[in-house]
1. Based on what the data block shows, is S115 of a type outside the set (A, V, I, L, M, F, W, C), open to solvent by less than 10 Å² (accessible area, probe 1.4 Å), in contact with a helix residue (DSSP H, G or I) (Cβ under 6 Å, 6 or more places away or on another chain) and under 28 Å from A63 (Cα atoms)?
2. Any residue in the stretch 207-225 that is over 23 Å from A84 (Cα atoms) and part of a loop (DSSP other than H, G, I, E, B) sitting within a Cβ distance under 9 Å of a residue that is at pLDDT below 95 and open to solvent by 20 Å² or more (accessible area, probe 1.4 Å)? List the pairs, counting only those 6 or more apart or interchain.
3. Is there a residue being small (G, A, S), open to solvent by 20 Å² or more (accessible area, probe 1.4 Å) and within 16 Å of the chain's Cα centre (by Cα) anywhere in the stretch 177-194?
4. Could you tell me which numbered condition N73 fails, if it satisfies all but one of (1) under 25 Å from Q142 (Cα atoms); (2) open to solvent by less than 70 Å² (accessible area, probe 1.4 Å); (3) at pLDDT 95 or above?
5. Quick one: what pairs do we get from the stretch 139-150, first residue within 13 Å of G107 (Cβ to Cβ) and free of Cβ contacts under 8 Å to residues at least 60 places away in the same chain, second open to solvent by less than 70 Å² (accessible area, probe 1.4 Å) and assigned to a helix (DSSP H, G or I), C-beta under 6 Å, 6+ apart or different chains?
Amino acid sequence: AQPAEDHNDLLVAALRDSDAVLVGAGDVALCDSSGAAATAQLLAAIPGTVFMAGDGAYENGSASEYSTCFAPNWGGFLGQMVAAPGERDFLSERGAAFYDYFGTAAGAAGQGYYSFELGSWHIVVLNSVCSYAGGCGVNAAQMQWLREDLSQHDALCTAAIWHYPLFSSGQHGGSAAVQPFWDVLYAAGAELVINAHDQDYERFAPMNPQATPDPDNGIREFVVGTGGSGLTGLGDPAPNSEY
């Protein structure tokens, strides 16, 4: 998730911090596909903290799919991994297999939101599958936690990871349900948002939650549903889509 060279110098410097390597994707393991094995080879060549941005094991996020499809490939990085849930992760026993497999790397079971420090970055992981997170509205417990978490951390740079993107040119498009995430993160001065769900790669220019360009204070969003489960097509570019 490397930003364009014209972004502010502080952000570029922080991304080059050798203690802040964050690498990964979402939409990972499909049992009859070699994609997850191929992306695992890429991860092996990039030492750092690995993120999994939801839908780790197709089709239903079951315990058997995590053990037989995900574990032989991305499972080798479990000790350095953080995970956000996707909708497929809740299709089996309301996410029990997801939380059992990742343990503390997925936050508290039944929540799916947490934060941690990485070099000079504060990283927030959120649960965008709102019905399994107690909601994503402004007064939901997750949103109250997010506002409190951001108020307690004064890191120079902040990134957030969750599954459903607000903006996307992909097959599924954006999800308005995560608008409150953007509103709170933008108000707190966050720099990056990393999503998946659409099985493609897309990078957006810095913008505000209304998709208005904001090169000085905007958030740069990445969609990285490229973990190995397959790729889907792109439609017309959404506003501010750079690549």
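1. Answer is no for this residue.
2. P215/D6; P215/N8; D216/N8
3. So the first thing to find is which residues in the stretch 177-194 are small (G, A, S), and the list is 177, 187-190.
Add one more test, that the residue is open to solvent by 20 Å² or more (accessible area, probe 1.4 Å), and what stays is 177, 187-189.
Still in the list and also within 16 Å of the chain's Cα centre (by Cα): 177.
There is at least one residue in the stretch 177-194 that is small (G, A, S), open to solvent by 20 Å² or more (accessible area, probe 1.4 Å) and within 16 Å of the chain's Cα centre (by Cα).
4. The one condition N73 does not meet is (1).
5. Final answer for the pair search is L146/V184.
Per-residue answers, yes or no, for (1) at positive phi; (2) assigned to a strand (DSSP E or B):
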| site | (1), (2) |
| --- | --- |
| L150 | no, no |
| D154 | no, no |
| T158 | no, yes |
| Y164 | no, no |
| V178 | no, no |
| W182 | no, no |
| G189 | yes, no |
| H197 | yes, no |
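The values are calculated or read from the model by the stated rules, or taken from the named source; none is laboratory data. Note that the structure is a prediction, hence the values are computed from the model and not measured. Note that each Cβ is placed from the backbone with ideal geometry, even for glycine, and that neighbours are counted across all protein chains shown. Calculation scope for accessible area: heavy atoms of the full protein, side chains included, ligands and nucleic acids excluded. Shrake-Rupley method; radii C 1.70, N 1.55, O 1.52, S 1.80 Å.
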